[in-house]
Every structure is written in C-alpha cells, then in structure tokens.
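Asker: I'd like to ask some things about the structure below.
The values are calculated or read from the model by the stated rules, or taken from the named source; none is laboratory data. Here the structure is a predicted model, which is why all the values come from computation and not from measurement. Note: ideal-geometry Cβ built from the backbone for every residue, glycine included; neighbour counts use all protein chains shown.
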There are 2 protein chains.
Amino acid sequence: MNSEEEVNDFVKNGHQQYLPHLSIDSVIFGYHDQQLKILLLKWIGLDGWGLPGGFIRRREPLSQAAHRILQERTSLEDLFLQQFHVFGDSPYRLQERSAREFTEKYGLVVGDDNWLFERTLSIGYFALVDYSKVSVRTDFFTTDYRWWDVSDIPPLLFDQNEVVEKALATLRLQIYHQPIGLNLLPEKFTLAEIHSLYETVLGKELDQRNFAKKLVSLGLIKKLAEQRAIGPHRSPYLYQFEKEAYEDALKQGIVHTY
Amino acid sequence: MNSEEEVNDFVKNGHQQYLPHLSIDSVIFGYHDQQLKILLLKWIGLDGWGLPGGFIRRREPLSQAAHRILQERTSLEDLFLQQFHVFGDSPYRLQERSAREFTEKYGLVVGDDNWLFERTLSIGYFALVDYSKVSVRTDFFTTDYRWWDVSDIPPLLFDQNEVVEKALATLRLQIYHQPIGLNLLPEKFTLAEIHSLYETVLGKELDQRNFAKKLVSLGLIKKLAEQRAIGPHRSPYLYQFEKEAYEDALKQGIVHTY
DNA sequence: TTGTATTCCGTAAATTTTACGGAATACTTT
DNA sequence: AAAGTATTCCGTAAAATTTACGGAATACAA
C-alpha cells in the first residue's frame, strides 16, 4: 500500500474489504548473533513507534490473515505464528483521535465516521525469525522501521507495550512446548547455535551439556552423523529437529505430566 | 432478553449497541460431587446445543463483557474467567443460514443483511463453577439448558466442539498455574475436597499425600488450625488458599523454572 | 613438535517426584 | 464398658530428574 490512490481507497473503502473493529498486531521477535529484538514501525504524523499489524479480510480465515499480514510486511512465509491474546480492555483504542488530525497528518480528507476511527480490538500474534534475513517493507503510513532490543522498547502506541510484554512472557513460557525456532535456525544446526538461541530468548545462562541432554531427551532434536566445517579447530556435529515430535507439538503442544 | 419486544429490538438494532463480527463463547465448567460438566443451551429452531455466549457492547472492555455475559446467564459474579483462544478460521461461521430460515424459526422478519448473519469471530472464555449453585437463565432463543458430562458432549453448533476441547485442554494445563477453583470451593475446604476436584478435572487419580504436599509446597494452600465437624469420625483440618500467592498467580500465572 | 582453541563427553550430588501402610482418633454398636 | 469400624493423619525409602562441574581428545597453527 504505497501509492496515494491505494491509500485513499483503503481509508475510504477498507471497511468493505476488511472486518471492522478488529485488527491483528504482530510481535515479530528477531534473533541474530545473540540478540533478541522486536520489529517496530514508525508511523508518520504520530511520533510513536508501533507494532506491525493489519486487518482481516471479510472472508479470510483468521490464521491466514495473520500469515498474510506478516508476509506482506516481511516477505516471510510458512512461519510458526502463534496467537496469544486478544486485547480489548481499552475500549477507546482508536487509530487516531479525530478526522481533523488525520487530515492534517496524512493529507487525506475523511469523515468522523470513518471505519478507522472506530473502536478496535486487537488479536496478538507472535513469531520468531532471523532478523538478518528479513527485508521489511514500509508503506504510506509507516515510512521507517527498526529492530529494537527487547530490553529497550520505547513507549508504543496505544496499549502495545502491554502486548509486547505478554508476547515475550508467552514466548518464554512456550519455548520448550512449541516449535518456536523452527523457522529460525537452519535446517541443520549445531548445539552451540540452538543453545545460544535459548539463552538469548530466556535471558539467562543454560548449562550446555544439560541443555543438550534435555532437548534430546524431550525428543525435540536429534544428532546427525554429519559435521560442519566452520573453520580451524571447528567441526561440530549437526543436529536436526525431530520432525514427528515437532508435528505433534504443533498440534497440541508438548504436554507436561504433573 | 425474553419479551418479544426486547428480542425484536436486539435483532433489528443490536448492531448499534454491540460490536458486529465478534462474539464471546463461554465454556462453563461445572463441578459437583466428583463430576465435571459443561453448561450447554438448547437453541430453539435449531436442533443443536451450543455454548452460552453474547456480544460485546461498543464501549465495554472485553473482560467486562465476558463477566457480564456470564453473570446475565448464571447470576455468578467475580469469577475467575480466562480468555483462551480466538476462533476465526471458519470464515463462514454464521449465526443462521438465511433470513428466511430465521423468520421461519423465530417468527421475526429480518433482512438478509441483518448483522446477525455476518461472519463472526468468537473469543473463547472459560470458568469453573459449582454447578449445584448456579441457576441458569434461559431466554427467547435458548429455552432449555443442561449440564453435560465432559466425556459425553453432543455435536454442537458451528465449530463449538473444537472450542470445548481447547477449553478443556487449557483448563487441565493451567490448573496448577492459575487460581482455577478459587470460585469453586468454599473459602475453607478440606484436603479431600480439593483433592477430588483436581482428580475430576484432570481425569486421573492423584496420590492424596503427595497431592497435599505439592499444593502446600507450591504455596497455593495453607493448613488452618480449624477443623470441620462433618459427622461421625470426621473432623478433617481445613485449608485455605494463600491469598498473596493467588494474587500473584492472577497477575502472571505461576511461572515454572525450566 | 609444541601450543592453542574447540568440541566432546560422563558422573556424582542434590532435588524432586513417586510409591506406599500403619497408628491414632472418635464415634457406634453390642 | 468394651469392641468394632470408619476416618484422618502422618513419614520414609526408592526412583527419577535436574543440576553442577572438568578433563581428555582433536585439529589446526606456529
């Protein structure tokens, strides 16, 4: 959505194509080189940063909408995307405050009754990707983007700081239960790679040997016969996710026996 | 909503009061006497059973809407109600198939463009209550209700069987993490009471002594000095939930250290 | 040949979870 | 009053899991 014509059509007629009152907010965790970051977009006019998001087409399954929105923004497909909460306790979470402000900021003439000004509940999704491989697409409303360190998130639009916090909590809670990381690591990876991913996401150190034992005993990864030559003195064994275990996990999560 | 006038107004003008395209479905688990049941309503006209639910008022916080809907239906207030998933992958989850069928069934004349016929996503909530203490209120659309055993749920409207399954899975997963049961047991309860509650919900036997040790060591319950006289040979000690631990749990869940 | 960086294990201790039975109490019945 | 019965109340030993921790072997570089 970049040309003025497209934007105009979206603002004026979007309610015909999309479900009103509902949006999807995506918390895209980007991991690379021992750093966990979140993708934020800068909205023109507003001085704030916000989460990438979008609307659900009227006849589009919800999860498909979440994938489409993420794909449009990052070009990433087939990600593990997880719905984690609906935010709707701030009933006045409006996209803008008034038609006049909107006109001033974007130069688009709209009525006070425009669909974008109505109350919007937001469905939160999160994903974990390798941010060095993502090329972010901006658009008319969001001309800039940046990956922010999770420990240093700026004040966000609306209640989105709460959204990010809840996403992070859910990510950490589920990292041993859901195939988070499947889209992140290469198909074959070393212990060191997955180990530092987990350390970074959880924000704490994990004993290497015990970590490997645990993941193998949970059946999530298996050791391959191959080694990778990555330099002098370095040819660690490769590991791979256990496909079946992951598919089970995708369906039902890994259930604990209490 | 019982009088014809009220119903008419709801059907014709509900979209002015409520957010369209969104509903709340409540899975109300009822426990009593070692049995775990679910409250289902029988819809007139349709031959199916369905979950109690409702709509969100245009300026009403989401969680407040969930409480209101439950309260209107059961008279229960201040419950622990937990949002667990948004269902929106069946894009054609319509309330009815057509205006004509609607008119035939309910004797109300409506247009094909009525708000009730539009696509509706549903936000699932669940609660756990003592079903012997609930007096269910029916209305124009739902003239009958029944508590069904969880192992014997009939085919439900739309995709609601999936909703129930997911609610049950979430309930079991969270029973040691969230203050489920807080609204269920009396303020002071015996070990036998909470023990059989957990056994019933989880659908398996739990060793009494270990169970008590675990709940106490988790800090969820504490033993009181009082005993309860419930009959010959019977005056077990009473236990109580640890208020602070529960409040923490309410806020963030009880987090495991992996 | 020596030195250095890197990978690869395995075991002992601590903790947690599980399994399991018998003693004491208080009332009821005879 | 005594014996019987139903109920509550522990505690410990074994098993499983989790945690802590260091040294030997390898492969290249100097």
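Asker: Any idea which of A:208, A:174 is polar (S, T, N, Q) and under 18 Å from the mean Cα position of the chain (by Cα)? Spell out the reasoning first.
Answerer: Working: A:208 fails: under 18 Å from the mean Cα position of the chain (by Cα).
Answer to the check: A:174.
Asker: Are there any helices (runs of 4 or more DSSP H) wholly within region A:112-223 with 1 or more residues that are buried (at least 16 other Cβ atoms within 10 Å of the Cβ) and in contact with a Ser or Thr (Cβ under 8 Å, 6 or more places away or on another chain), and if so which?
Answerer: Working: elements: A:160-174, A:191-202, A:208-217.
Hits in region A:112-223: A:160-174.
Asker: Something else now. Can you pull out the residues in region B:208-221 that are within 12 Å of residue B:191 (Cβ to Cβ) and either more than 14 Å from chain A (Cβ to nearest Cβ) or within 13 Å of DNA strand D (Cβ to nearest atom) (or both)? So that I can check it myself, show each step before the final result.
Answerer: Of all residues in region B:208-221, those within 12 Å of residue B:191 (Cβ to Cβ) come to B:208-216, B:221.
Those that are within 12 Å of residue B:191 (Cβ to Cβ) and either more than 14 Å from chain A (Cβ to nearest Cβ) or within 13 Å of DNA strand D (Cβ to nearest atom) (or both): B:208, B:209, B:210, B:211, B:212, B:213, B:214, B:216, B:221.
Asker: Step by step: first the residues of region A:26-50, then only those that are small (Gly, Ala, Ser) and over 20 Å from residue A:86 (Cα atoms), then the one that is surrounded by the most Cβ atoms within 10 Å (Cβ to Cβ). Which residue is that? It would help to see each step written out before you state the result.
Answerer: Restricting attention to region A:26-50, the residues satisfying the condition of being small (Gly, Ala, Ser) are A:26, A:30, A:45, A:48, A:50.
So of that shortlist, the ones also over 20 Å from residue A:86 (Cα atoms) come out as A:30, A:45, A:48.
Values: A:30: 23, A:45: 13, A:48: 15.
In this case the residue turns out to be A:30.
Asker: Moving to a separate point now. Which of the strands (runs of 3 or more DSSP E) found entirely inside region A:1-97 contain at least 2 residues meeting this: over 16 Å from residue A:163 (Cα atoms) and more than 14 Å from chain B (Cβ to nearest Cβ)?
Answerer: Numbers: elements: A:22-32, A:35-43, A:81-87.
It comes to A:22-32, A:35-43.
Asker: In this structure, does residue B:154 turn out to be away from chain A (no Cβ under 13 Å), away from DNA strand D (no atom under 16 Å from the Cβ) and under 26 Å from residue B:76 (Cβ atoms)? Steps first, please.
Answerer: On the way: away from chain A (no Cβ under 13 Å): yes; away from DNA strand D (no atom under 16 Å from the Cβ): yes; under 26 Å from residue B:76 (Cβ atoms): yes.
The answer is yes for residue B:154.
Asker: Go over the candidates B:73, B:57, B:68, B:100 one by one and state the one that is of a type in the set (D, E, K, R) and either crowded, with 20+ Cβ neighbours inside 10 Å or assigned by TED's automatic domain parsing to the domain that holds residue B:197 (or both).
Answerer: Details: B:57 fails: either crowded, with 20+ Cβ neighbours inside 10 Å or assigned by TED's automatic domain parsing to the domain that holds residue B:197 (or both); B:68 fails: either crowded, with 20+ Cβ neighbours inside 10 Å or assigned by TED's automatic domain parsing to the domain that holds residue B:197 (or both); B:100 fails: either crowded, with 20+ Cβ neighbours inside 10 Å or assigned by TED's automatic domain parsing to the domain that holds residue B:197 (or both).
Answer to the selection: B:73.
Asker: Next question, about the same structure. Hey, can you tell me all the residues within region A:178-203 that are within 14 Å of DNA strand D (Cβ to nearest atom) and modelled with pLDDT under 90? Spell out the reasoning first.
Answerer: Residues of region A:178-203 that are within 14 Å of DNA strand D (Cβ to nearest atom), as a first pass: A:191-192, A:195, A:198-199, A:202.
If the condition is that a residue be within 14 Å of DNA strand D (Cβ to nearest atom) and modelled with pLDDT under 90, then no residue fits.
Asker: Just to verify a result, which residue in region A:161-198, among those that are over 20 Å from residue A:242 (Cβ atoms) and without any contact (Cβ under 8 Å) to a residue 12 or more places away in the chain, is farthest from DNA strand C (Cβ to nearest atom)? Break it down stepwise before answering.
Answerer: Restricting attention to region A:161-198, the residues satisfying the condition of being over 20 Å from residue A:242 (Cβ atoms) are A:161-173, A:196.
Right, trim to without any contact (Cβ under 8 Å) to a residue 12 or more places away in the chain and you get A:161, A:165, A:169, A:173.
On the way: A:161: 34, A:165: 27, A:169: 21, A:173: 17 Å.
Here the residue is A:161.
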